[in-house]
Amino acid sequence: MNAHTKNDRVAWLQDPAAKCSSVPADGKNPWRLVLLGAPGVGKGTQAELLTERLRACHLSTGDVFRAASKRTDSEQSPALNASLEYMRRGELVPDSTVWEMVRERSGCLLHCGGFILDGFPRTLSQAESLKALMENDQLSLSAVVNYELPVEDIVRRLSGRRTCEQCKSVFHVSERPPKINGICDRCGGRLYQREDDQPESISVRLQVYERSTAPLVQFYGNLGLLTPIVAKGSPAEILERTMEQLRARPQLP
Ligand code: AP5
């Protein structure tokens, strides 16, 4: 994948039958990573940087739901409408809906170029489903990166976040500002503030994370996959910290 041409990820974001603009090359040891961590810790930011470095596709379940929300009303199913309501409130979308959506896109997960999963799995049930899907194809995860950051830093990151409407690139009003205010550096798209970055939703999301997603730390720890990373510092520093830890893992290229 050309680092300057962002893959449109159309098969993941819109239609599993569609062909993406550029897909990672078949590698000997493709990276299959899960990024864990509280909302706003910087998973999406690191996923973008890791994608350029590792040539694996960035697959975010939140991005799929947000892309679907932009479709016309007639294309939106009752299950999708219900999912968008959960998102607005900061709650998790039910496992059955999430798994149906991910299963339809299993081609992206089983692709020979690998993946960087961001926002999935988020419950033990989702983690078990992912494990079974991969084992069925004799595949396994390379590692699970767990980003850690104090809650006050998380709230600051979420309240200043701006996202590109078109390519989904992530910015921050003070920490990672775009060159032109309100405009995406990569594609010229409009930047907007996510509905779930309002204070009430942020607080619900942090509670839901502790209840439903934090137990995955132990789940992946027991499988010997967990790689904890301190998410303080600049995105570039965190990327280097992540790469260092990944390189230190025995089974990786
Ligand atoms: P999702 O889209 O997955 O959101 P999230 O997990 O809440 O994570 P965020 O995208 O909010 O944060 P992030 O960690 O990616 O941080 P970012 O890099 O943007 O999910 C949204 C909703 O969808 C869920 O609440 C749920 O309803 C539903 N959903 C999705 N998947 C689901 C699933 N599997 N099951 C059930 N429901 C599901 O960074 C944040 C900000 O900080 C940015 O402004 C960024 O520029 C800035 N920043 C990043 N790094 C740094 C740094 N090092 N220094 C300073 N600023 C930084």
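The values are calculated or read from the model by the stated rules, or taken from the named source; none is laboratory data. Small disclaimer: the values here were computed from a predicted structure and weren't measured. Positions of Cβ are backbone-derived with ideal geometry, glycine not excepted, and every protein chain shown enters the neighbour counts.
Scanning the stretch 216-226 for residues that are within 16 Å of the ligand (Cβ to nearest atom) and either at pLDDT below 95 or of a type in the set (S, T, N, Q) (or both) returns no hits. Checked against (1) more than 9 Å from the ligand (Cβ to nearest atom); (2) assigned to a strand (DSSP E or B), PHE171 passes all but condition (1).
When the stretch 122-138 is filtered for residues that are among the hydrophobic types (A, V, I, L, M, F, W, C) and buried (at least 16 other Cβ atoms within 10 Å of the Cβ), the ones remaining, listed by number, are ALA127, LEU130, LEU133, MET134. Cβ contacts < 6 Å: first residue within 15 Å of SER83 (Cα to Cα), restricted to the stretch 48-64; second residue among the β-branched types (Val, Ile, Thr) and within 11 Å of the ligand (Cβ to nearest atom), any location; separation 6+ or different chain. Result? Within 6 Å, no pair qualifies. Only residues that are assigned to a loop (DSSP other than H, G, I, E, B) and among the aliphatic types (A, V, I, L, M) were counted in the stretch 176-213, giving 1.
Annotation: of all residues in the stretch 81-134 being aromatic (Phe, Trp, Tyr) and in contact with a Ser or Thr (Cβ under 6 Å, 6 or more places away or on another chain), the one that is nearest to the ligand (Cβ to nearest atom) is PHE120.
Just give me the residues in the stretch 45-55 being within 11 Å of the ligand (Cβ to nearest atom) and either more than 11 Å from the chain's Cα centre (by Cα) or modelled with pLDDT under 95 (or both), in sequence order. Across the stretch 45-55, the qualifying residues are THR45, GLU48, LEU49. Checking the stated criteria, GLU152 turns out not to satisfy the condition of being near the ligand (Cβ under 8 Å from one of its atoms) and surrounded by fewer than 18 Cβ atoms within 10 Å (Cβ to Cβ). Close Cβ contacts (under 7 Å, 6 or more residues apart or on different chains) running from residues in the stretch 197-208 that are under 19 Å from ARG66 (Cα atoms) to residues that are polar (S, T, N, Q) and surrounded by 14 or more Cβ atoms within 10 Å (Cβ to Cβ) comprise ASP197/SER159.
Within the stretch 145-162, the set of residues being over 27 Å from LEU226 (Cβ atoms) and either touching a residue at least 60 places away in the same chain (Cβ under 8 Å) or outside any strand (DSSP E or B) (or both) comprises SER159, GLY160.
Within the stretch 214-221, does at least one residue satisfy the condition of being of a type in the set (Gly, Ala, Ser), surrounded by fewer than 12 Cβ atoms within 10 Å (Cβ to Cβ) and outside any loop (DSSP other than H, G, I, E, B)? No: the stretch 214-221 contains no residue that is of a type in the set (Gly, Ala, Ser), surrounded by fewer than 12 Cβ atoms within 10 Å (Cβ to Cβ) and outside any loop (DSSP other than H, G, I, E, B).
Return the pairs, sorted by first residue and then second, in which the second residue is surrounded by fewer than 18 Cβ atoms within 10 Å (Cβ to Cβ) and not aliphatic (A, V, I, L, M), the first residue lies in the stretch 167-196 and is without any contact (Cβ under 8 Å) to a residue 12 or more places away in the chain, the beta carbons are less than 6 Å apart, and the residues are 6+ apart or on different chains. Listed pairs, sorted by first residue: LYS179/ASP185.
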